[in-house]
Structures are given as structure tokens and as C-alpha cells.
Amino acid sequence: MATDPVGDLLTLLDIERLELDLFRGQSPDEEESQRVFGGQVIAQALVAAYRTVPDDRTCHSLHAYFIRPGDPKVPIIYQVDHSRDGGSFTTRRVVAVQHGKQIFNLAASFHVAEEAWHHQHEMPKVIGPDEVEDRSEWRKRFAEKLPERHRGHFLRPRPIDMREIAPLHPTRPAIASDSHDLWFRVARPIDEAPWLHHCLLAYASDMALLGTGNRPHGVSWMTGELMSASLDHAMWFHAPLKFDDWHLYSMDSPYAGGGRSFNRGKVFDAAGNLVASVAQEGLMRKVVRKPKD
């Protein structure tokens, strides 16, 4: 039976409106992990916020905290608070709730379009997406070497097409530079409102970024020696974007210590325009195994 992961993702982001500022989101039916993917909660919360602001304003920044692991088996309730409605800026706060407790909160600011001075850093010089192996093909080469419990999740069709320029072995990663570049996009053309492309990029921005801090240490969550999770996430949208076109995600990790890593990302479109910036801190804790008696 044919699958459409992109259609499934668009459905996932089409959250249900329960009341004026109250929304309900679901998780994928086939979700195998024990917690909700962080990018899903970011994107659904941003959709909720967008649905309460005037059409002439787009999100220019968001700041979010992951408070508790999300339960993929039950719906997520998103409550939007109208923090401010100004002449050119609009601010929203979104709280995500499950089992009567906050699992996530987000503050987002929206701005009307203005003309002003402009500068940006140049896009790194890297090989293009057509010269990089498709990630689904890369995954197939490693599937048999993974623990059986991870294979289904590892091989399932994805809504985001990702092509890493220097991927590491998933279970035996070598020590590598913290600099990490990949091309990514929505896996097929879509005809959606411009603001939804921001939400799709927010969803994808939580992919690969957390692992950037692991690279200098040669560790992976698949080896069982690392406990990792996103702790917070911030994004700045600099320009309109069309996320079914290729974009370069250029990441690094300036610091890790105390059980946390700090990771950054810049997102460029194929023409070299800097369209977004990302920052995230993640849990990077050693798994301590108790000795057997």
C-alpha cells in the first residue's frame, strides 16, 4: 500500500480547534518511541499560535522549553495566551498539557513586514544535495547492523528528505568535528500557506541538531551509553521560505559539559540566503550501569 509521509505530517499539523484559543493535537498512530518527538510539539504549538494572529504578521522568533516527556498515546492540548497585540508586533504564549500537567511551553513573537538594512553571513561552501547519498539509502546499508528493536523506526518512510554531508556510523560513530552540515526539505512538493512552511521548518529543525554535540565524543544514543533529550529550543525566522525546496542546515556545538550540550544551526536556502537560525540545549548524560551481582 502506498504511503504519503508528507500528507501524514500535514494532517498532524492540522490541529483541531476546540475553542477560540484552545487546540488539540495528535501524535502519529504508528509512533514507536516512548515519548513525542520534540519537533512535533514545537510545530503544533507554532500552528496554534499562528491561528490566533493577524494574517499580515509572520513569526520572527520562538523560544520553547521541554518540561516533561510527551505521551504519544494521548492527545496534546495547546492553550494559547494573548500576551500582546501591538501596532507591529504580536506575542503569544502556548502551553502544551497532557495528563493535567505542562509538558512544553512556547513564547512566539510575530511582526509585520518592514524594509530596513540587511546583512548576513555567507553560506558555507559544501557539495550540493544531488551529490549526497539519499538518507533512506544510507539507512538501508546499516539496518541489519542495528538492534532489532530500532530497525522499524530506522527504516520507516520520512516526511523530511535529509542528506547528511558527513554522516557517522549510527552505532559505532568515530570522533569527529562538531561542525555538521546536511541538506533537507519536505519530501515532495506541497501547496500550502507560507506560514505553514515556517511550521514545517520548525518541525525539521529538531532533527540532527541534538546529535551535533555527540560528534566530538564518538557517542550515540543507539549504543546505550548516552541518555539524550531536547531541553529547550529557540528559532529566529529571518525571511520567507519554501521548505519543499532544498535548504542547508549548517550546525555546530560550541560547548558540552555538566550533562548538557549547546548546539546551534543556520538554515540557508539553495540561493545562499540565511532564512533561519536555531539554538538548542540538550541533555547529554552518561548512562551508568549498575554492576551485576
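The values are calculated or read from the model by the stated rules, or taken from the named source; none is laboratory data. Because the structure is predicted, anything quoted here is derived from the model rather than measured. Glycine also receives a Cβ, built like all others from the backbone with ideal geometry; neighbour counts cover every protein chain displayed. Ligands, DNA and RNA are excluded from the accessible area calculation, which covers all protein heavy atoms including side chains. Shrake-Rupley method; radii C 1.70, N 1.55, O 1.52, S 1.80 Å.
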Leading residue at positive end of dipole, the chain (Cβ point charges), from GLY218, LEU200, GLY7: GLY218
Amide H contacts under 5 Å for ASP181, placed H, 5+ residues apart: ILE165, ALA166, MET251
Degrees separating the helix 194-205 axis from the principal Cα axis of the chain, which is the longest one: 30
Computed E for VAL126/THR223 - FRET, C-beta separation, R0 22 angstrom, nearest 0.05: 0.20
Charge context of PRO216, other residues only, Cβ under 13 angstrom, K/R +1, D/E -1: -1
20 °C / 1.002 mPa s Stokes-Einstein diffusion coefficient of the chain, Kirkwood radius on C-alpha pairs, µm²/s: 108
Solvent-accessible ranking of TRP246, TRP236, largest area first, probe 1.4 Å: TRP236, TRP246
With every protein chain in place, region 1-142: carbon and sulfur % of accessible area (1.4 Å): 51
J(HN,Hα) series, region 50-60, from Karplus relation 6.51 cos²θ - 1.76 cosθ + 1.60, nearest Hz, glycine and proline x: 4, 6, 10, 10, x, 5, 8, 10, 10, 5, 10
Amide H partners (placed H, <5 Å) of ARG260, local residues excluded: MET284
Accessible area of region 201-245 belonging to carbon and sulfur atoms, whole % at 1.4 Å probe: 61
Karplus-derived 3J(HN,Hα), 6.51/-1.76/1.60, for each residue of region 106-117, Hz, glycine and proline x: 9, 10, 10, 10, 10, 9, 6, 5, 9, 9, 7, 4
